[in-house]
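**Q** Structure below; questions to follow.
What follows draws every value from the coordinates through simple rules; no lab data is involved. In this text, all values refer to a predicted model and were calculated from it rather than measured experimentally. Note: ideal-geometry Cβ built from the backbone for every residue, glycine included; neighbour counts use all protein chains shown.
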Protein chains: 2
Amino acid sequence: MLEQFKVSHDDAEFVKDDDLKRTVAGIFEKMGVPPEDALLAADVQVLADLRGVDSHGVSNMLKSYVAGYQEGSINPKPNWKVIRETPAAANVDSDRGLGTIITPKAMDIAIEKAKKVGVGMVTIGNARHLGMASYHAMRALEHDMIGVCMTSCPPSVLPTFGAEPRLGTNPIAIAVPAKNEPPFVFDAATSSVAVNKIRIAGRLGAEIPGGWLAAEDGSPIMEPSQAPENVTLLPLGSDRELGSHKGYGLSCIVDILAGVLTGFGYGAVPGRPNFGHYVAAYSIEAFTDVEPFKVQMDEWSQMMQSTKPAPGHDRVLVAGLPEAEVEAVRRKEGIPLHPEVAEWIRDTCGELSVNCLF
Amino acid sequence: MLEQFKVSHDDAEFVKDDDLKRTVAGIFEKMGVPPEDALLAADVQVLADLRGVDSHGVSNMLKSYVAGYQEGSINPKPNWKVIRETPAAANVDSDRGLGTIITPKAMDIAIEKAKKVGVGMVTIGNARHLGMASYHAMRALEHDMIGVCMTSCPPSVLPTFGAEPRLGTNPIAIAVPAKNEPPFVFDAATSSVAVNKIRIAGRLGAEIPGGWLAAEDGSPIMEPSQAPENVTLLPLGSDRELGSHKGYGLSCIVDILAGVLTGFGYGAVPGRPNFGHYVAAYSIEAFTDVEPFKVQMDEWSQMMQSTKPAPGHDRVLVAGLPEAEVEAVRRKEGIPLHPEVAEWIRDTCGELSVNCLF
């Protein structure tokens, strides 16, 4: 049933990642973003596209970022600063800067701390959307560190037994280096399903499976049904019997660590600047020898992949593997853009006098 | 449907927590465990009973710990030591010591580190069962810290699309202090359901809901059925459509942080000492002011609890609230022990010449 939600790329336009990145960076510069920051923001979006995480790539996010800059809700030149700091911890006021730009910088602070004391952990308040959470977690990989990223989002998900959304989709991302295998990269919302899958189903008039959504009174819809207009998501686990209290609890953890702990409020605080973030880096060397760790991560990954598959499946995947496979293809063949998206980018470039490289 | 799995306490014997604790400590001492460690081990088990987490209390765990000491797989006087250390991190070789005894000590190391540098993180290899994971996380609360605990267990859970168990139930526990509300205490396996719920269903001949188990060929059983003899658990999310790749990924994270990172192997390594652990403490003061944080945690918890409930439910819970409510009752009325359990403890005390206080 999942296959039907994939947007067909038969009519897609293929664009080289570097061309897309420099074009997007040009648009960011026209929003008043300094060149180096513009390139960073573009890199975050294009890596999502390269890895097949289209929901967080250029197609899905650029428009809203441009709108945010234009309406003034995102600050193009934020005076972001560390407002509290210890050797292993820091808290950042991001001054309404875009999360795709501030979060990598906060992650770099966490990495520097982890180099010195073994672990670095940074919270980010007064923040805006950070794009694909795993981008920031993956920044730790080249330093032989484990990277973590979480983000507390505005409410769209019900607590178990509840009839009102109190939590965001609140994703958790973790990246772990291996030696020859692709790094383990987990990046998932703590809701049962991503909201864009339901939007796509709605557009296609497709039936959605049970366990994704709640009815208006808060009851989990556990049978296949048409996608409703007003979407309220269920936590991972769908209902109490299947463990939704676990998905709900995990979402709460994200809301606390990336929300309350920042001192800038949690997801459901009315008028809270819309996002709060949390990043961390753990130096592997601080716990055990790096080389044997990476060799064992290879062995662990191969063990998972060599698991005998259940009927109807070719193979067992491990987080980060399918994304690495897509990335290898797209770096060579280019990123498939829907013609409407390519058109919108060209139009936007035209309006802003940006050189569109495709 | 969940209610039917609760063991009736109509015929239970009620024992005061302190009497149970000192009796259990007496049994541990006879296993060769030093008195202070014996009391700590008993405290971990009895707190589980007090909080209604009967699966990890005296009834369910004491017998296996006694067997472990008697057959020599658990070391009563481990020469545990920190084998690597930085200001924020440490790795411990627990020398086959019981996790209920070594993990609190590792958590104390993490807390001391967090006092000094803001964050402390300790991995524990060569380890044994740690009881209720949240016990260790909760140790951080009185220091105005957030506590984390994870444990990598022997395989019983399928990876998504897989037909062979590769991961343990791999729980994640986090404890966060509040001011007047009970602390937020999350403690859950990353599998769809706890294995003991299925065992109880099997004993009662009850039907189990869909989404808990896999058939022998690895296919998720998504309809209600009788509990099979050979139980293979599904990850949280049950099947791919409902998000089992998320539960699977979370379980992998635990296996990496509490397994591979210890340097003593992951859950599926043949012959690995059966468990690996991970604890962490985050000093709230290192990120933001403690008092406003705790006040906001109260506000956050009340916001969750005051969510309008869905039909069929009285109220919305928050992790740690039901456990705190049970604890208040059981501290007053005593811990309900099944007569067979009470009898087994009395018999064991008789055999070991331990003074049974009930």
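**Q** Where does chain A land at 222 nm, in deg cm²/dmol rounded to the nearest 500, when only DSSP H runs of n ≥ 4 count, each adding -39500 (n - 2.57), divided by all residues?
**A** The helix contribution divided over chain A gives -12000 deg cm²/dmol.
**Q** Now for a different question. For A:PHE14, go 7 angstrom from Cα along the Cα-to-Cβ vector, then report the distances to that same point in the other copies in nm, smallest first.
**A** Its label point is 7.4 nm from the equivalent points in the other copies.
**Q** Related question: Could you give each residue of segment A:139-147 its phi-based ³J(HN,Hα) in whole Hz, using Karplus coefficients 6.51, -1.76, 1.60 with θ = phi - 60°, and x for Gly or Pro?
**A** Couplings: 4, 6, 4, 5, 9, 6, 10, 8, x Hz.
**Q** Which is farthest toward the positive dipole end of segment B:193-232 among B:ALA214, B:VAL193, B:ALA227, measuring Cα position about the Cα centre, with Cβ charges +1 (Lys, Arg) and -1 (Asp, Glu)?
**A** Final value for the positive-end residue is B:VAL193.
**Q** Need the C-alpha centroid separation for segment A:49-68 versus segment A:242-313, integer Å.
**A** 22
**Q** Now, a different point. With bins 20 Å wide starting at 0, give me the P(r) of the protein assembly as shown over every alpha carbon pair, in whole percents.
**A** Pair shares across the bins are 18, 53, 25, 3, 0.
**Q** What nm distances, shortest first, do you get from the label point of B:GLU71 to those in the other copies when the point sits 7 angstrom along Cα to Cβ?
**A** For B:GLU71, the inter-copy label distances come out at 6.4 nm.
**Q** Right, another one. Lys/Arg Cβ at +1, Asp/Glu Cβ at -1, dipole of chain B taken about the Cα centre: which of B:GLY131, B:THR23, B:PHE264 is farthest positive-ward?
**A** Going by the Cα projections, it comes out as B:PHE264.
**Q** What are the residues whose amide H is under 5 Å from the amide H of A:GLY320, where those residues sit 5 or more places off or on another chain and H is modelled from the backbone?
**A** A:VAL185
**Q** Still on this structure: Between copies, how far does the label point of B:GLU299 sit from its twins, in nm, shortest first, when each point is 7 Å from Cα along Cα→Cβ?
**A** 5.1
**Q** Nearest 20 debye, what's the magnitude of the dipole of chain A about its Cα centre given +1 on Lys and Arg Cβ and -1 on Asp and Glu Cβ?
**A** Here the size comes out at about 820 debye.
**Q** Using only alpha carbon pairs under 8 Å that are at least six residues apart, calculate the relative contact order of segment B:163-262 and give it in whole percent.
**A** 27
**Q** What is the distance in Å between the Cα centroid of segment A:89-121 and that of segment A:177-205?
**A** For segment A:89-121 versus segment A:177-205, the Cα centre distance is 24 Å.
**Q** If you don't mind, there's one more thing I want to ask. Provide the three semi-axes, in whole Å and in decreasing order, of the ellipsoid equivalent to chain A as defined by the square roots of 5 times the Cα gyration tensor eigenvalues.
**A** 28, 27, 24
**Q** Using modelled amide H (1.01 Å from N, peptide plane; none on Pro or chain starts), what sits under 5 Å from the amide H of B:LEU337, excluding residues fewer than 5 places away?
**A** B:GLU13, B:PHE14, B:VAL15
**Q** Near A:LYS294, which lysines are there with a Cα under 16 Å away, not counting those fewer than 8 places off in the same chain?
**A** A:LYS179
**Q** Straight-line reach only, C-alpha to C-alpha below 13 angstrom: list the aspartates and glutamates that B:LYS113 could link to, leaving out same-chain residues fewer than 8 apart.
**A** Output for B:LYS113: B:GLU85.
**Q** Taking a Cβ-Cβ separation under 4.7 Å as the criterion for a possible partner, which cysteines of chain A have none?
**A** Those would be A:CYS149, A:CYS153, A:CYS252, since no other cysteine Cβ in chain A comes under 4.7 Å of theirs.
**Q** Please check chain A for the longest run free of GluC sites (Glu not before Pro) that are loop-located per DSSP (anything but H, G, I, E, B) and have at most 15 other Cβ atoms within 10 Å.
**A** Longest stretch, sites excluded: A:1-215.
**Q** Which ³J(HN,Hα) values in Hz, rounded to whole numbers, follow from the phi angles of segment B:74-81 under the Karplus curve 6.51 cos²θ - 1.76 cosθ + 1.60, where θ = phi - 60° and Gly and Pro get x?
**A** 3J(HN,Hα) across segment B:74-81, in whole Hz: 10, 8, x, 10, x, 8, 6, 7.
**Q** Another question, then. Considering Cα pairs under 8 angstrom that are at least six residues apart, work out the relative contact order of segment B:193-232 and quote it in whole percent.
**A** Over segment B:193-232, the number comes to 40 percent.
**Q** Okay, moving on. Report the full-extension gain for the segment A:ALA67 to A:VAL295: residue separation times 0.36 nm, less the Cα-Cα distance, to one decimal in nm.
**A** In short, 77.5 nm is gained.
**Q** Using modelled amide H (1.01 Å from N, peptide plane; none on Pro or chain starts), what sits under 5 Å from the amide H of A:CYS153, excluding residues fewer than 5 places away?
**A** A:GLY168, A:THR169, A:ASN170
**Q** Starting from the Cα of A:ASP11, step 7 Å toward the Cβ, then list every residue of segment A:315-337 with an amide N under 17 Å from that point.
**A** A:336-337
**Q** I'd like to know which of A:GLN305, A:ASN355, A:GLN70 lies farthest towards the positive end of the charge dipole of chain A, counting +1 on Cβ of Lys and Arg and -1 on Cβ of Asp and Glu.
**A** Final value for the positive-end residue is A:GLN70.
**Q** Still on this model: Classify segment B:159-308 as rounded, prolate or oblate from the Cα gyration tensor: take a ≥ b ≥ c as the square roots of its eigenvalues, call it rounded if a/c is under 1.5, otherwise prolate when a/b beats b/c and oblate if not.
**A** Judged from the Cα gyration tensor, segment B:159-308 comes out oblate (a/c at least 1.5, b/c at or above a/b).
**Q** Now for a different question. Please report, in debye to the nearest 20, how large the charge dipole of segment A:180-327 is about its Cα centre when each Lys and Arg carries +1 at its beta carbon and each Asp and Glu carries -1 there.
**A** Charge dipole, segment A:180-327, about its Cα centre: 400 debye, nearest 20.
**Q** Further, regarding this structure: Quick check: convex hull of the Cα atoms in segment A:311-358, volume per residue, rounded to a whole Å³?
**A** 123
**Q** For segment B:193-232, what is the charge dipole size about the Cα centre, in debye to the nearest 20, if Lys and Arg each add +1 at the Cβ and Asp and Glu each add -1 at the Cβ?
**A** It comes to approximately 280 debye.
**Q** With a cut-off of 8 Å between alpha carbons and a minimum separation of six or more residues, what is the relative contact order of chain A in percent?
**A** Reported as a whole number, the value is 22 percent.
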